[in-house]
Amino acid sequence: MFKRIFTLMLAISLALILAWPVLAQEESTPTAKALEFLKTKLNDDGGFSTGFAPESDITTTADVIVATALADQDPETTFIAGENTPVSFLEAQVAAGKVAGAGQLAKVLNAAVAAGADVRDFGGQRLIDDLLNTQQQGGMFGTGAFDHCLALIALQNAAVDLPDGALDALIGAQNDDGGWGFMAGQASDTNTTGLCLQALAPTGAADATKAGLAYLKAIQNEDSGWPYQNPSDYGTDSDTNSTALVVQALVANGEDLAEWNDPQEWLLSMQLENGAFSFQEAAPGESILATVGAIPALEEKPLNAWALDVVGE
């Protein structure tokens, strides 16, 4: 009997030893490293700052929740500060009346969906109704295409039919070059275009999608990343946030990333030893916002992954 037990224990030990390199590799994936970095930035109230000021920020915290869920991790167990979590932080902000406007409401609604929370009673508010009430005459949510597309993505994830005029407003805001600008009348940028192409993905609006993808193709840099705008008075170097949003748009619309020169490889080149991502090569320091933005792109998950039914894949 002892010999059989000893043999079994030896076999198990050998199996664990042989498996250790694989386990270690899984624990040190770029996404895992990024999440470990973010753990060091968790504030005592359960929220995250932008990195530019110490106080917790509502939209950044919402983005962390979504990114964590898209990495198949539970936001409430991944980040805990005493009795506080990112979800409880957002609930407290909603209860205090600090969440307002289409863009902010959309991000919080998306985070609530990602966390599996009850969107009908989140911080004492009905988030879907609050967001729907921000739609303006003409169908637009918020002050421009950026807020509008955030709102559509959140409603899609919450399994809410887009209200009348919302899709027409999105297509009507498209610029002649195929992209979308942050505000009405502004030049196209990759961030807004990336969001709007994700919002379009479930709608079947093929012509608008084709034009949007053509705009992104036309301004992709040789390093395979994207700038915020091109032309731009502020430079056209690739940046992590813009590239990540474009990658998500490509994934949402079924594009083969290899045919776009593997932009994820450029993203990976921006990760630092501590797991954080830099915003640009010319600004190599750690960035909370760049790190949060990179995670869903590395996981190849769009922001409306729940609507597109690709969560957990």
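The values are calculated or read from the model by the stated rules, or taken from the named source; none is laboratory data. Not measured: the values here are computed from a predicted model. A quick note on method: Cβ atoms are made from the backbone with ideal geometry, for glycine too, and the neighbour counts reach across all protein chains shown.
Odds and ends about this structure:
- Test set (1) without any contact (Cβ under 8 Å) to a residue 12 or more places away in the chain; (2) part of a loop (DSSP other than H, G, I, E, B) - GLU259 fails condition number: (2)
- Note on the range 171-182: residues that are out of contact with any strand residue (DSSP E or B) (no Cβ under 8 Å at 6 or more places or on another chain) and either at pLDDT below 95 or not charged (D, E, K, R) (or both) amount to 4.
- Filtering the range 85-106 for residues that are charged (D, E, K, R) and over 23 Å from PRO231 (Cα atoms) leaves a non-empty set.
- Odd one out for GLU273 among (1) touching a residue at least 24 places away in the same chain (Cβ under 8 Å); (2) out of contact with any helix residue (DSSP H, G or I) (no Cβ under 6 Å at 6 or more places or on another chain); (3) not in a helix (DSSP H, G or I): (1)
- Flag if GLN248 is under 17 Å from the mean Cα position of the chain (by Cα) and polar (S, T, N, Q): yes
- Within the range 44-57, residues that are over 16 Å from THR68 (Cα atoms) and surrounded by 10 or more Cβ atoms within 10 Å (Cβ to Cβ) sit with their Cβ atoms under 7 Å from residues that are among the aromatic types (Phe, Trp, Tyr) and at pLDDT 95 or above, at 6+ positions apart or across chains, in these pairs: ASP45/PHE89; SER56/PHE48; SER56/PHE89; ASP57/PHE48.
- Scanning the range 35-52 for residues that are assigned to a loop (DSSP other than H, G, I, E, B) and among the hydrophobic types (A, V, I, L, M, F, W, C) gives LEU42, PHE52.
- The set of residues in the range 188-219 that are hydrophobic (A, V, I, L, M, F, W, C), over 21 Å from ALA297 (Cα atoms) and surrounded by 16 or more Cβ atoms within 10 Å (Cβ to Cβ) comprises ALA205, ALA208, ALA211.
- Consider the range 86-130 and keep the residues that are among the acidic types (Asp, Glu) and part of a loop (DSSP other than H, G, I, E, B). The one that is farthest from the chain's Cα centre (by Cα) is ASP121.
- Any hit, the range 119-126, residues being touching a residue at least 24 places away in the same chain (Cβ under 8 Å), farther than 18 Å from ASN304 by Cα, buried (at least 22 other Cβ atoms within 10 Å of the Cβ) and of a type in the set (Phe, Trp, Tyr): yes
- The set of residues in the range 272-313 being buried (at least 21 other Cβ atoms within 10 Å of the Cβ) and polar (S, T, N, Q) consists of SER287, THR291, ASN304.
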